[in-house]
Amino acid sequence: MNPEFAGGVFTAAGAQFASWYARLWRPLGELTVAVTRPSPGDRVLDACCGSGASAVPAAIAVGPSGHVDAVDMAGGLLDQGRATAAGLDQLVFTEHDVLTWDGGPYDLVQCVYGVFFFPDMDAGARRLISRLRPGGRFAVTTWRHDGMARIVPIGQAAAAAERPELTGPAGRVGSQGRIDTPEKLTTWLTGLGLVDVEVEEIGFVQPLHPEDAWTLFLGAAMRAFITGMDEAAVARVKERYLAGLAEAGLTSLDCGSLVAVGRVPA
Ligand SMILES: C[S@@+](CC[C@H](N)C(=O)[O-])C[C@H]1O[C@@H](n2cnc3c(N)ncnc32)[C@H](O)[C@@H]1O
């Protein structure tokens, strides 16, 4: 997704994104920081920060002597983050394309469910890595192949019935498939020049009521599929999507994720 489009989709998704904050984004942001473990005084970039799910715990970890830049294109989500983070003066939210962000140098750059949206994932990750000090750490959180990846194609197929151009790989909203196993993620990060790469697997399954499955569609990247569609078409997409989930027996949401951390050589 190009950065402006991503920012527009996620700002439009604001209310539904917020409805999943406590159940999805916040716990996985907290779990990410339980792996990345910034130290007091660290300088951190949280790239694609959304409403601050991982930026807030990072800011608590670095404390008042540290600093966290939380950067995203979705101004609406940043406003939610600022409200959550009131009083955490070391955390600064900025609306900006992370691919042209030139802050730093940072001790840690973390990107939680963001890298796979970059139009060129390798170039985007290289850009983020370039903001690190020598010896600094780069962390990526992404969906595991057997989790969220089962739902998104059902949403894509439901929308493709209205928009044939969404059919197949060309209609995909991201490059998750390139990094959705520990092996693929390790190979990718090592290929970008990182050393000491370690991947932590996070298992996290929760119930999924059909109405909540629809707010998930509207509150995250699947929303891109229906951007600009009229109401009647969206209603048909919803019907097909829910029927598709039922047919696949998806009555729970597998949020299984991978958190990888590697280091640039000192
Ligand atoms: C799935 S959300 C994840 C948000 C947050 N990290 C979390 O875990 O709650 C992906 C975010 O990436 C942002 N994004 C994608 N490409 C971007 C770019 N080039 N620059 C800034 N933000 C970007 C979107 O605006 C969106 O908020």
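Taken over region 64-108, the criterion of being in a loop (DSSP other than H, G, I, E, B) and among the hydroxyl-bearing types (Ser, Thr, Tyr) is satisfied by SER65 alone.
Residue-wise test of (1) more than 13 Å from the ligand (Cβ to nearest atom); (2) in contact (Cβ under 8 Å) with a residue 40 or more places away in the chain; (3) surrounded by 22 or more Cβ atoms within 10 Å (Cβ to Cβ).
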| residue | (1), (2), (3) |
| --- | --- |
| PHE10 | no, yes, yes |
| PRO27 | no, yes, no |
| VAL35 | yes, yes, no |
| GLY41 | yes, no, no |
| THR84 | no, no, no |
| PHE93 | no, yes, yes |
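Scanning region 98-119 for residues that are surrounded by fewer than 16 Cβ atoms within 10 Å (Cβ to Cβ) and touching a helix residue (DSSP H, G or I) at 6+ places or on another chain (Cβ under 9 Å) yields THR100, PRO119. The set of residues in region 43-59 that are surrounded by 23 or more Cβ atoms within 10 Å (Cβ to Cβ), more than 8 Å from the ligand (Cβ to nearest atom) and charged (D, E, K, R) is empty.
The set of residues in region 97-146 being at positive phi and more than 11 Å from the ligand (Cβ to nearest atom) consists of GLY104, GLY135. Quick check on region 12-25: of everything there that is within 9 Å of the ligand (Cβ to nearest atom) and not in a loop (DSSP other than H, G, I, E, B), which residue is nearest to the chain's Cα centre (by Cα)? So the residue we want is TRP25. The test for being within 16 Å of the ligand (Cβ to nearest atom) and surrounded by fewer than 21 Cβ atoms within 10 Å (Cβ to Cβ) does not hold for PHE217.
Looking only at residues that are in a loop (DSSP other than H, G, I, E, B) and surrounded by fewer than 16 Cβ atoms within 10 Å (Cβ to Cβ) in region 193-203, which one is nearest to the chain's Cα centre (by Cα)?
Narrowing region 193-203 to residues in a loop (DSSP other than H, G, I, E, B): 193-194, 203.
Of the ones still in play, those that are also surrounded by fewer than 16 Cβ atoms within 10 Å (Cβ to Cβ) are 193, 203.
Working: GLY193: 22, GLY203: 17 Å.
Filtering region 193-203 for residues that are in a loop (DSSP other than H, G, I, E, B) and surrounded by fewer than 16 Cβ atoms within 10 Å (Cβ to Cβ), the one nearest to the chain's Cα centre (by Cα) comes out as GLY203.
Can you tell me which residue is farthest from the chain's Cα centre (by Cα) among those in region 131-183 that are under 14 Å from SER257 (Cβ atoms) and without any contact (Cβ under 8 Å) to a residue 40 or more places away in the chain? Filtering region 131-183 for residues that are under 14 Å from SER257 (Cβ atoms) and without any contact (Cβ under 8 Å) to a residue 40 or more places away in the chain, the one farthest from the chain's Cα centre (by Cα) comes out as HIS145.
For LYS184, are the conditions met, namely being in a helix (DSSP H, G or I), modelled with pLDDT of 95 or more and touching a His at 6+ places or on another chain (Cβ under 9 Å)? The answer is yes for LYS184.
The values are calculated or read from the model by the stated rules, or taken from the named source; none is laboratory data. None of the values given here were measured: they were computed from a predicted structure. Reconstructed Cβ throughout: ideal geometry from the backbone, glycine too, with neighbour counts over all protein chains shown.
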